[in-house]
Amino acid sequence: MSQRINLSALNKQQLSDFCDELGLKRYRSDQLFQWIHHKNAKSFDEMTNLPAMLRGSLAEKAELKGSKRAAMNRSKDGTVKCLFRLHDDKLIEAVLIPEFFDDGVADRLTVCVSSQVGCVFGCTFCATGKMGLYRNLTIGEITSQALAINTIAMEEYGKRITNIVYMGMGEPFHNYGSVVDSAAILCDPLGFNLSPKRITISTVGLTKQIRRYADEEQPFPLAISLHAADDDKRNKIMPINKSRNIEALREVIEYYYRKLRRPVTYEYLLFDRFNDGPDDARKLAKVAQWVPSKVNIIMYNNVEGVMLERAKEDRLGRFISELSRRDVRVMVRRSRGDDIDAGCGQLAIRSS
Ligand code: SF4
């Protein structure tokens, strides 16, 4: 038998081409798309609005390489971390991060999805970076994380997820095609139908891909994982900075802004006595002024075997006031789920 094609790895156009080749009517392609990317179907048998004969012939020619929920941990703060086992037994994780109104009702429900199994970029503070890269995730392996977490959100909080961030395992722009295609599918009216504004894609600063992203006028907000605002410190914790340094980042971010007139977000993990001093804040404020932007300060989830540690509260306070004095728009993202290994890659590594 010739090799079967994995339909969950196709984008919308490719799926439609596949259906054309089989001589199927256009609406069949839409039905398939909905089963895969909205209903999270794991087999053709589930697709009850397709005739049994068609399901049989699809099963001969095609397959759905899905994922299975392998474990789920709930944190005291409401964060839920989910581990998925892929068809080749690799493990990835996605996290549901709820934010609550004062009365305890869920407000924003953000899911953080993975884009690769492992990662090649080796940031020293990152559990995933210690794994090395196994492979890219397919489009369906990405969308199904959001769909599975949405089911959990409905069960736990009675409400759909409101935001998606590509900040889990892997470097999203190192798997560029599947990442932007999956984001487009999650916004598709036949898919999850989320507004593009609610999907943020982050990168450690792959300059070529940022340029491409700008040229393609991708509608999803861009976040840069900065974590240090000068080359010396960034080189120490993010090897990518040795080939694409702060100046290169500046050039491409200015290009992005000239093209799209859209602000960027800088993600900044605050480490104790490494990047949390007044001088660091001054440098970060300068970066924040390249183009309109906001800065998310993230309190680090300590990782076993990593020397860097979460900054102390008093230093956080001083750091924030240094930034605010310089008119930087700043948000603090409190550490979430640190009782359940919610830092990127921690659970997958512990479970493999
Ligand atoms: S922080 Fe991101 S880019 Fe760096 S090693 Fe971890 S997953 Fe890779």
Exposed GluC sites (Glu not before Pro) absent - longest run of the chain, DSSP non-H/G/I/E/B, at most 13 other C-beta within 10 Å: 1-215
Exposure proxy ranking, count of Cβ atoms within 10 Å, fewest first, for 58, 260: 260, 58
Counting DSSP beta bridges with both ends in the chain, the antiparallel % (nearest 5): 50 percent
Rg over Rh, two decimals, the chain (C-alpha only, Kirkwood Rh): 0.99
Cross-link partners of residue 68 among aspartates and glutamates (Cα-Cα below 15 Å; sequence separation of 8 or more within a chain): 88, 89, 93, 141
Over 19 Å (Cα to Cα) - which of 259/286; 197/259; 39/65; 236/312 fall in this group: 259/286; 236/312
Interchain or long-range residues, amide H under 5 Å from residue 202's placed H: 166, 223
Cα Rg, Dmax (largest Cα-Cα span) when computed across segment 215-323, Å: 14.3, 43
Percent of alpha-carbon pairs separated by more than 14 Å within segment 5-63: 49 percent
Inter-label distance, nm, simple model (7 Å from Cα along the C-beta direction), residue 17/residue 197: 3.4 nm
Label-point separation in nm, residue 212 to residue 258, each point 7 Å along Cα→Cβ: 2.1 nm
Point-to-point label distance, residue 5-residue 273, nm (Cα→Cβ direction, 7 Å offset): 5.9 nm
Sequence of 76, 90, 294 once ranked by neighbouring C-beta atoms within 10 Å, starting from the fewest: 76, 294, 90
Helix-only mean residue ellipticity at 222 nm for the chain, each DSSP H run of n ≥ 4 adding -39500 (n - 2.57), per residue, nearest 500: -11000 deg cm²/dmol
Cβ-based exposure ranking for 180, 105, 95, in which fewest neighbours within 10 Å come first: 105, 180, 95
Residue-span extension gain [residue 329 to residue 243] - 0.36 nm each, minus C-alpha spacing: 28.1 nm
Nearest-0.05 FRET efficiency for residue 103 and residue 251, computed from C-beta distance (R0 51 Å): 0.65
For residue 43, net neighbour charge (Lys/Arg +1, Asp/Glu -1) across residues whose Cβ lies under 10 Å away: -1
In degrees, nearest ten, helix 278-288 long axis to first principal axis of the chain (Cα): 50 degrees
Cα-based reach from residue 294 at 12 Å (exclusive), listing aspartates and glutamates while leaving out same-chain residues under 8 positions away: 267, 327
Lys, Arg +1 and Asp, Glu -1 on Cβ, resulting dipole of segment 67-351 about Cα centre, debye, nearest 20: 460 debye
Translational diffusion of segment 51-101, µm² s⁻¹ [Kirkwood Rh, Cα pairs; Stokes-Einstein; 4 °C; 1.567 mPa s]: 95 µm²/s
Low-density loop cleavage sites - chymotrypsin sites (Phe, Trp or Tyr not before Pro) in segment 57-134, where at most 13 other Cβ are within 10 Å (DSSP): 101
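Read the figures in this text as sums done on the coordinates, not as results from a lab. Keep in mind the model is a prediction, meaning the values are calculated, not measured. Note that each Cβ is placed from the backbone with ideal geometry, even for glycine, and that neighbours are counted across all protein chains shown.
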